[in-house]
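Following: one structure in structure tokens, then a few remarks.
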Amino acid sequence: MSNGKKEPRNFTLRDEYGNESGIYSGSAPRQAALKVANKSEGTKENPIKLKLREKGTNKIHVFLGWRSVVDAPRNRPSWLPDKIHKPNVKKIGVEKIE
């Protein structure tokens, strides 16, 4: 019986040579891409290309990703600094592995 929540899906990060590293989970590819982007050194002016393959499939979700430094929310917990990293991604397509 489903309670409306999607099951998490697992994605691996692929480099330009097809090597895979790391497993990122999320209910959608974008959610996993945001996790990768938050660890990246990409910027809005120079985003990095992220290729995430969904485990158990031959689909590769392709994103441009970067992170920027923004003000933390006013109602932030006391341990959170004044400035935080905010990840951003833009989906540019889906590829298939032959």
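Some points to look at:
- Subset of the stretch 65-91 (residues that are in contact (Cβ under 8 Å) with a residue 40 or more places away in the chain and either over 15 Å from Gln31 (Cα atoms) or more than 13 Å from the chain's Cα centre (by Cα) (or both)): His85
- On inspection, Lys96 does not qualify as touching a Ser or Thr at 6+ places or on another chain (Cβ under 7 Å) and modelled with pLDDT under 95.
- When the stretch 36-57 is limited to residues that are more than 13 Å from the chain's Cα centre (by Cα) and polar (S, T, N, Q), the one that is nearest to Glu95 (Cα to Cα) turns out to be Thr57.
- Taking the listed residues Arg76, Arg53, Arg67, the one that is basic (Lys, Arg) and part of a loop (DSSP other than H, G, I, E, B) is Arg76, with no other qualifying.
- Residues of the stretch 70-83 satisfying the condition of being surrounded by fewer than 10 Cβ atoms within 10 Å (Cβ to Cβ) and hydrophobic (A, V, I, L, M, F, W, C): Trp79
- Evaluation of Asn88 against (1) surrounded by fewer than 10 Cβ atoms within 10 Å (Cβ to Cβ); (2) modelled with pLDDT of 95 or more; (3) of a type in the set (S, T, N, Q) (one fails), failing number: (1)
The values are calculated or read from the model by the stated rules, or taken from the named source; none is laboratory data. The model shown is predicted, which means the values in this text are computed figures rather than measured ones. Using ideal geometry, Cβ is built from the backbone for each residue, glycine included, and neighbour counts are taken over all protein chains shown.
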